[in-house]
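Following: one structure in C-alpha cells, then a few remarks.
The values are calculated or read from the model by the stated rules, or taken from the named source; none is laboratory data. Here the structure is a predicted model, which means the values were calculated and not measured. Please note: Cβ atoms are built from the backbone with ideal geometry, for glycine as well, and neighbour counts cover all protein chains shown.
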Amino acid sequence: MAEDDTPRDALQRDNETLRAQNEQLRRELAELRQALARREPDTSSLPGSPQRAACPDADGELRREHAMRRAVDLLRAVVEAAPMMFFVKDTEGRYILANGYFLRWTGLTWDQVAGKTDHELFPRDRADVFLASDSETLTTGRTIEWEESAVLPDGQLRHFALLKFPIRDASGELQGICGISTDISSSRRAEEENRLLQAEIIRAQEMSLRALSTPLMPIAKGVIVMPLIGNVDQRRAQRVLETLLTGIVTHEAGKVILDITGVPVVDTEVANALLKTAQAVKLLGATVILTGIQPKIAQTLVDLGADLSSIITRATLESGIAHVLDR
C-alpha cells in the first residue's frame, strides 16, 4: 500500500505547486492590467523579463496630434472668416495664401492668385507700391503699417489700414511676409462727418457769440439799441458796425442808441471805432446816441482828443431812451 500511495502523494504535491504558480501568474496579470489601465506599462517586475525602456504613450500622442490638427483647422477658419484681407507671400513675392475676403475685394479666384506676383495680378503702379512695402518688410525684418486709398473693381473708393510683417520658421529662417488689410472706409466717413459737424457747430457757436457780443434790440418804431459789454477790439468793432448798418436797414431805424456802460476801457482804437460807426450810420440817414459814458472814459476821450461832436451823448441808457422817445 505504501508503494501505491507514493505516486498519489507526488501528484498531489505537483498539483499544489501548479496551483501556487497559477495564483502567482494571476497576481502578476492583475498587476499588469492595472499598469496598462494607468497607461504606465511596466513589465520589469515579471519573472525572467529583461529590463526594457518604457513604451511611448500612444494615446497621449494621438490626443496631441488631434489637438494640433484642431488648432490648425481653427486657425484656418479664423483667417477665412476674418473681415479683413489676409494673405501670405513667399520671399519671391508669390502668393501662397489668401483668404476669401481678399479674393472678394480683388475680384479674383484663388486659381488666379496662387503662385502669382503682384505685377501679374494688378496694374503696374499698384504693384510697385505693394512691392516696395514687401521689400521694406523683408529687408528690415520689422512690421510696417500705413494707410492708403484705392478704387476697387466695384468702382468704390475705399480706405485701408495695412500691416505687413515677416514670417519665419522654427529655426528663424525667413519664409516670406504676411499682410493684413482692414477696410476703414466707414471709420473715415464717420470721421469726415464728425469733422463737418464740428465745423458746423463752431460756425453756429461763432454766430451765437457774435449775436451775444453785438445784440441789437428794436425798442420802438424807428429806434434800435445796441448795448456793448466787455472789451472792444478791432474785430468786434467791425462786427458792431456791420450789425448796426444791417439793423438800420432791416428795422428802418432813424435813431441808434449805442450803450457802452459795460465797456471797461476805451482807448484810441475804441474811440476811432465809435467815430467810424457814427459816420457810417449818418450816411444811412440815422443818428447815433452814445450812452453810458463813465467819468473815467470821458476823461480818456478828452485826453485822446476824440471829436464826438457829431454824436449825441447821454450819461445813461435810460436817459438816452427817454431822449429818442420824447422826440
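Being within 14 Å of MET84 (Cβ to Cβ) and in a helix (DSSP H, G or I) narrows it down to one of SER133, SER186, so name that one.
Testing whether each residue is within 14 Å of MET84 (Cβ to Cβ) and in a helix (DSSP H, G or I) leaves just SER186.
Can you pull out every residue in segment 246-276 that is more than 18 Å from GLY292 (Cα to Cα), surrounded by 14 or more Cβ atoms within 10 Å (Cβ to Cβ) and more than 48 Å from the chain's Cα centre (by Cα)?
If the condition is that a residue be more than 18 Å from GLY292 (Cα to Cα), surrounded by 14 or more Cβ atoms within 10 Å (Cβ to Cβ) and more than 48 Å from the chain's Cα centre (by Cα), then ILE248, HIS251, ALA253, GLY254, LYS276 are the ones that fit.
Taking segment 155-167 as the search range and keeping residues that are out of contact with any Gly (no Cβ under 9 Å at 6 or more places or on another chain) and part of a strand (DSSP E or B), which one is surrounded by the fewest Cβ atoms within 10 Å (Cβ to Cβ)?
This residue is LEU157.
Scan segment 285-300 for residues that are modelled with pLDDT under 85 and under 57 Å from the mean Cα position of the chain (by Cα) and report the count.
Matching residues across segment 285-300 total 5.
Can you pull out the residues in segment 216-250 that are closer than 14 Å to THR287 by Cα and touching a strand residue (DSSP E or B) at 6+ places or on another chain (Cβ under 8 Å)?
Correct list: GLY222, VAL223, ILE224, VAL225, MET226, LEU244, GLY247, ILE248.
Filter segment 83-138 down to the residues that are within 30 Å of the chain's Cα centre (by Cα), surrounded by 15 or more Cβ atoms within 10 Å (Cβ to Cβ) and among the small types (Gly, Ala, Ser), then identify the one that is farthest from GLN175 (Cα to Cα).
Among those residues, the one meeting the criterion is ALA127.
Just the residues that are under 30 Å from LYS221 (Cβ atoms) and surrounded by fewer than 16 Cβ atoms within 10 Å (Cβ to Cβ), please, taken from segment 277-312.
Result: GLN279, LYS282, LEU283, LEU284, GLY285, SER309, SER310.
For segment 91-98, state whether one or more residues are free of Cβ contacts under 8 Å to residues at least 24 places away in the same chain and either assigned to a loop (DSSP other than H, G, I, E, B) or outside the structural domain of GLY176 (by TED's automatic domain parsing) (or both).
Yes: one or more hits.
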